[in-house]
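Notes to accompany the following structure.
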């Protein structure tokens, strides 16, 4: 019997070993997919850990709040030869459903005097620390920020983790007409500034007027906007510290501090929500 098992394991390889002995095969074979237009590329953990472009990158980790060194590859290296432009948007999708929209111009930055995006790859033999008990590997975005650049340029919402896909397409404003404010508003006015803030901070977890990529949180405009049932003061409290307004131990929403969302940005976000409360999507059939 023992000989039969040994021969079977040898024939089936690593995945059989994982099933019988709990090895790290699944982690080694986890895949990240990047798509742009008609092109699609995929990488496994094992493949990237053996990639000659892999290097040690030390960062002040904005998720884990400590200085750490990772094995990482410049995102620009992974995008070489793909049909991408600085005006596009990259949507990173995590295994838990979290979606983040990043300006393509930031992912394409490739000089030492600019914030630079790296794809960090977790070695199953040396797992990363967990975040609030959650595994954040095997793929995540980390950022090197040169001296002289404000930390707010690369806020916590850009340090995406547990990534399974990166899709490059038009910006959310172009893809989802239902989230756009009325035409003709001044580009530098509070509503349009709030619209930009909404896409950066809120659209990662919430749909809006039933449009969007994410479904982790409730829709923020239908049937009612939170400014209608909470008001500005309570909504601001909820954003800064969700548990201070309603105690919900299993809530997925984390506190959003002033580094990620300044008081001025928060005020603009409220202006956008008030404006869009009068622009609700038609009721679904």
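Laboratory data are not the source of any read-out in this text; all were calculated from the coordinates shown. Source: prediction; values computed, not measured. Cβ atoms come from the backbone with ideal geometry, glycine included; neighbour counts cover every protein chain shown.
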- Item | Rounded, prolate or oblate (a/c below 1.5 giving rounded, otherwise prolate when a/b exceeds b/c) for the range 24-170 by Cα gyration tensor | rounded
- Item | Using alpha-carbon coordinates, inclination of helix 190-201 to the longest axis of the chain, degrees | 20
- Please report the relative contact order for the chain, taking Cα pairs under 8 Å with a sequence separation of at least 6, and give it as a percent rounded to a whole number. 16
- Task: For the range 45-88, just say rounded, prolate or oblate: build the C-alpha gyration tensor, square-root its eigenvalues into a ≥ b ≥ c, call rounded for a/c under 1.5, and beyond that prolate if a/b exceeds b/c, oblate if not.
- Result: oblate
- Item | At R0 = 51 Å, FRET efficiency that the Cβ-Cβ distance of residue 277 and residue 135 yields, to 0.05 | 0.85
- Can you put 274, 149 in order, fewest other beta carbons within 10 Å first? 149, 274
- Specify the angular offset, from 0 to 90 degrees and rounded to the nearest 10, of the alpha carbon long axis of helix 231-240 from the longest principal axis of the alpha carbons in the chain. 20
- Burial ordering of 118, 248, fewest other beta-carbon atoms within 10 Å first: 248, 118
- Note on the structure: Among [x] 0.93; [y] 1.00; [z] 1.02, the entry matching Rg/Rh (Cα atoms, Kirkwood Rh) as calculated here is [z]
- Note on the structure: Fewest-first ordering of 157, 244 by Cβ atoms within 10 Å yields 244, 157
